[in-house]
Every structure is written in structure tokens, then in C-alpha cells.
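The values are calculated or read from the model by the stated rules, or taken from the named source; none is laboratory data. On a predicted model such as this, the values are computed, not experimentally measured, just so you know. As a convention, Cβ positions derive from the backbone with ideal geometry for all residues, glycine included, and neighbour counts pool all protein chains shown. Accessible surface areas use protein heavy atoms only, side chains included; no ligands, DNA or RNA. Shrake-Rupley method; radii C 1.70, N 1.55, O 1.52, S 1.80 Å.
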Amino acid sequence: MAISKKKMQELIDRREIALNAGGKDKLEARRAKGLMTARDRIMAIFDEGSFQEFGMHVQHTCHNFGMEKKQLPTDGVICGIGLVAGRPVAAFSQDFTVSGGSLGAAHAKKIVDLMEFAARNGMPVVGVNDSGGARIQEAVDSLSGYASIFRQNVLCSGVIPQVSIIAGPCAGGAAYSPALMDFIIMTEKNSNLFICGPQVIKAAMGEEAPLEMFATANAHATVSGNIHLVAKDDKHALELTAKLLSFLPSNNMQEPPHDLSQPVVRDYIPELNDIVPENANAAYNVKDVIAKLVDNADFFEIQEYFAKNVVVGFARIQGVVVGIIANQPNFKAGCLDIDASDKAARFILTCNSFNVPILNLVDVPGFMPGLAQERGGIIRHGAKMLYAYAASTVPMITLVMRKAYGGAYIAMCCKEMGADMNFAWPTAEIAVMGAKGAVNVLYGKELKGIEDPKEKAEKAQKYMQEYSDKFESPYQAAGSGRVTDVIEPAESRGVIAMALRTVLSKRATTLPKKNGNIPL
């Protein structure tokens, strides 16, 4: 039986209402300001023609405060699935033109249903947040809606990649869903992320706290560390999302999108021999090393502006996707501190969740000393790195470039922490502490008894050299089997590429448990 014209027209009319939810005037006003609409955003996520909408005709069911008379097309959120670079992805986009994108029961159910579908079918979820918060008229129903989303975020954690884009306001309880996801991308303008706004802070604490101090992309990227990537605008945020997903598998049962058709070439890169200065105390930029090691110098850095003493991000080495954790000697000498430990531990666990091999580039003089660090819990925070490495079962390669002292050497994934192969450059210094500190401990009393300054300096220099030769030499570690090989820096890309290919078949498991108890 052919569909009647009346039924066909009803379908067309209902689709038209949903496609222009919020009204054409509001949509055009947003575009006039250079902002994308919720539907513009979700359509831009997917390959052209691949979007399948879920819940286009959902309406709210609230009957409080005259809400029964209001029509909220799509209930303020657009959901669906499609293809991103040919791979299935689920996405939702909150619509600020519909009741300020406020979240009610139906709105929340659409998101939860989409996430359940994504987890069941093993595909990433991308959420675009642009909402005024809980829908006051729905009272506890809206709060229950947030709770159901948070729980689903946790159930999906480690199963499918979850990416949150903050493209507008995201305040109060709404901020916790992005916080429970794997990555947060935030636009520089027109977006805010916070729990309590300036007025609440002023009323409760008497403090003047403009949004610029704590709620913007810049504040979160540099101070709080809550977000992972900063986007110039909506379009850039969606481009970053696509690039990020290109390094991740669709789910935890798959391997990352390696390109194993590339041949393994034992590259020789002379420039690597000259990057690390002869002076052990001189700084250099570890990103220069990374650029020489990875394919096309293409390094996708995560949390670039937070805890800059450690560098983390994704790349490919001769086609193999890797997560890189590297000490940064030109910021705080590459010491590990509270923020750097948190940043690294989180990234390690993310890589392990999604089967991404890890490459560690080590040049670390130790954990950051100081009263603020001790009182701030550096023991607890540093232990997060130890926990993350020890709990990881993905392939792990470690390269010691220069300093690797004390507990920080262990925290950067030595062999006993689970590294499958450990390499060192001839410049590597692997020891309990640096030569100067060791001499003070071992020969301090003897040197103190020497009155002639020249003789004292000569003796100290002699002892430091003896210590360096005997205890800091990478050959001592190699001699005891703790270093797989001492290699010329110029050989590093080829050696690492071969190592990665040989450990991709790694199969390791941990003891059965409900969950480990990471020192949070």
C-alpha cells in the first residue's frame, strides 16, 4: 500500500521542525556571529551523507510550570551515528537554541541510549557540550538524568574512546560528564567550564573570581589541567577530534589503526647525535628528539600547556601508533612533580585502555624537591605513575637519553616496572643520584677536612669522575641486563621501530580482581 500524501506531508513537516529546532531566526543569529549550530556541528563530525539520527522526534514529558504547553523539538540534543574517516562513531550535540540546551529526563535518556548503543557496538562517542545546565522545571528528574549519564560514562570508560567538546557553557553538575570522559577539547572563545560561577563564589567565599581566572580554555589548559586540547573555534575542535580518533581503536578489543604495510627501515639520523648537549646540566627541547623519531615529524601533543616538564602525545613510528611520554629538560629541568605525575599517569592508563604501545623518553634528574611538593602529596601523586606503568599490559619501550636518577628512573618505566625493551644512549646516566650529590654523601667528611680550596675542588672532581665511570655508565646497567642495548642516538628511530614491530604481539594479563586501588 502506497503511503498517503497526508502521511508523507506529516513526516516532512515533523522533520522540518526538528531540523530547525529553536527556530530559524535563532539559528541564523548564531551563524551570523560565526558560531555553528548544534546540527552544523554534528553534521561536520561525520563523513558526508553518513549521519543517521537517533531520537529526532523525542519530546519532553514534563508537566510542571506550564511546560506541558511548550514544544522542545529534539528536546535540545541531537544524537546519532555516522562514519569518521570510514569508521563508525556515535555523537551527540546539545542545542542551545532549544531552551538553552537545558537537560531534562528525555534529553538525558537520548544521550544514555546513544552511549549504550556505542558501547554495545564498539564505537567511540563524541559529545558536544553547549548547555545552560539542568532544566529547573524538571527538578529531580533532571538531576537523575545527569546521574544516569555519569554512570554510563563510567561504564564506557576503558571500553570505547569518549571525547568531549566544550563549545559553549558547561556549568555545575554538567561539567562532570566531560571530566569522566577520556579527552576534553575546549574552544578558546564562547565556552566556559566550571562548577561554581563568580556569583556563587562571591556569595559563599567573598572572593572576586572572574570567569577568565578559572573557567576558560586558557585557565583549564595551563592551571587546572582539566582539558587536553584547545581549539580556535568549533571547526578546529572537530578537526582535532578527527585527528585524535585517527590514533585510537574503535574499542578496547581492537588494535589501534597501525599501518603495518610500511617496511621497517633501520633509519640513521645523524642530527640525533647532536641534540643532547655535552654539558649534563644544559637544557634542550625534547620535542626536537620526538620530531626526529616519529613519522613526518607529526606529533599530536596532549595537554601541551599543562605540567610542561613532561610531554605526552600520540604519533606513528614507521606506521605503528605509539603514545609518547617524555621528560622535558628545558622546563623545571625535566623533574617530575605533582602535576607532571598526574598528567603522565592518566596518559599511560589511557594508552593501556586502548592497546596503544608506549614509548618513554627519559632525561629526569629526580622528583621535584621542596616543601610545597612534599605537603602537596608528591608521594601519592608520584605513586600514580608507578601504578599506571605496573598495571599496564601494552608493549612498552624505554629509551634513556641522559639523566635517569633515583625514584624518577623507576617512575619512567625501567625494566622492572614492565618495559619490554630498554635502550640507552652513551650519554645516559643511570644511578641513585648524580655524581655531585653522591660525592657529598660518600666523601663529604673527607672533603670537609681539606682546607686548601684548590685541592678540595680537584679531589671532588676526581671522586665525581670515578663515580660517573663506575655507577652512572649505561654499560653497568647493560652489563646486568637492565638495559637491552646501548645505541648510538642516530640509530634510535630504526631500533625503536624494529622493537615496536616485535612486541606488537605481546599478550600479558594481570591477576584477577574487581579493580586495583590506585593512590588517588
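Suppose the filter is open to solvent by 80 Å² or more (accessible area, probe 1.4 Å) and touching a Lys or Arg at 6+ places or on another chain (Cβ under 9 Å); does L520 pass it? For L520, the condition - open to solvent by 80 Å² or more (accessible area, probe 1.4 Å) and touching a Lys or Arg at 6+ places or on another chain (Cβ under 9 Å) - is met. What about T350, is it polar (S, T, N, Q), touching a residue at least 40 places away in the same chain (Cβ under 8 Å) and surrounded by fewer than 19 Cβ atoms within 10 Å (Cβ to Cβ)? Criteria not met by T350.
Given the structure, is A215 on the phi < 0 side of the Ramachandran plot and not in a helix (DSSP H, G or I)? Lay out the reasoning, then the answer.
Values: on the phi < 0 side of the Ramachandran plot: yes; not in a helix (DSSP H, G or I): yes.
Here the answer is yes, as A215 does meet what is asked.
Does F117 satisfy the condition of being at pLDDT below 95 and open to solvent by 30 Å² or more (accessible area, probe 1.4 Å)?
Answer is no for this residue.
Of the residues making up region 327-347, those that are crowded, with 21+ Cβ neighbours inside 10 Å and free of Cβ contacts under 8 Å to residues at least 40 places away in the same chain number 1. Select from region 478-520 the residues that are among the polar types (S, T, N, Q) and touching a residue at least 40 places away in the same chain (Cβ under 8 Å) and list them in ascending order. Correct list: T484, S492, T509, T510.
Inclusion of G173 among residues that are of a type in the set (G, A, S), outside any helix (DSSP H, G or I) and surrounded by fewer than 23 Cβ atoms within 10 Å (Cβ to Cβ) is not warranted.
When region 353-377 is limited to residues that are charged (D, E, K, R) and farther than 19 Å from A424 by Cα, the one that is most open to solvent (accessible area, probe 1.4 Å) turns out to be R375.
Answer yes or no: is there a residue in region 92-114 that is in contact (Cβ under 8 Å) with a residue 60 or more places away in the chain, open to solvent by less than 20 Å² (accessible area, probe 1.4 Å) and farther than 27 Å from K26 by Cβ.
Initially, region 92-114 is screened for residues in contact (Cβ under 8 Å) with a residue 60 or more places away in the chain, giving 94-98, 101, 103, 114.
Still in the running and open to solvent by less than 20 Å² (accessible area, probe 1.4 Å): 94-95, 97-98, 101, 103, 114.
Next, only the ones that are farther than 27 Å from K26 by Cβ stay: none.
No, region 92-114 contains no residue that is in contact (Cβ under 8 Å) with a residue 60 or more places away in the chain, open to solvent by less than 20 Å² (accessible area, probe 1.4 Å) and farther than 27 Å from K26 by Cβ.
Take S131 and decide whether it is within 16 Å of S177 (Cα to Cα) and either outside any helix (DSSP H, G or I) or within 26 Å of the chain's Cα centre (by Cα) (or both). Answer is yes for this residue. There is no residue in region 124-132 that is in contact (Cβ under 8 Å) with a residue 40 or more places away in the chain, touching a strand residue (DSSP E or B) at 6+ places or on another chain (Cβ under 9 Å) and surrounded by fewer than 22 Cβ atoms within 10 Å (Cβ to Cβ).
Go through the residues of region 305-326 one by one and say whether even a single one is under 29 Å from I42 (Cβ atoms), open to solvent by 10 Å² or more (accessible area, probe 1.4 Å), of a type in the set (K, R) and touching a Phe, Trp or Tyr at 6+ places or on another chain (Cβ under 7 Å). Among the residues of region 305-326, not one is under 29 Å from I42 (Cβ atoms), open to solvent by 10 Å² or more (accessible area, probe 1.4 Å), of a type in the set (K, R) and touching a Phe, Trp or Tyr at 6+ places or on another chain (Cβ under 7 Å), which makes the answer no. Highlighted here are the helices (runs of 4 or more DSSP H) found entirely within region 396-509 that include at least 3 residues which are open to solvent by less than 10 Å² (accessible area, probe 1.4 Å): 492-503. You will find that of N422, N440, the residue that is free of Cβ contacts under 8 Å to residues at least 12 places away in the same chain and not β-branched (V, I, T) is N440 and no other. Restricting region 43-58 to residues that are touching a Gly at 6+ places or on another chain (Cβ under 6 Å) and touching a residue at least 40 places away in the same chain (Cβ under 8 Å), the residue that is most open to solvent (accessible area, probe 1.4 Å) is F54.
Note on region 123-146: residues that are more than 27 Å from E188 (Cα to Cα), modelled with pLDDT under 95 and among the aliphatic types (A, V, I, L, M) total 4.
Taking the condition open to solvent by less than 70 Å² (accessible area, probe 1.4 Å), at pLDDT below 95 and charged (D, E, K, R), does R30 pass?
In short, yes.
Quick check on V200: is it of a type in the set (V, I, T) and in contact (Cβ under 8 Å) with a residue 24 or more places away in the chain? Answer is no for this residue. Among the residues making up region 95-124, those that are farther than 28 Å from L248 by Cα and assigned to a helix (DSSP H, G or I) are S99, G100, G101, A105, A106, H107.
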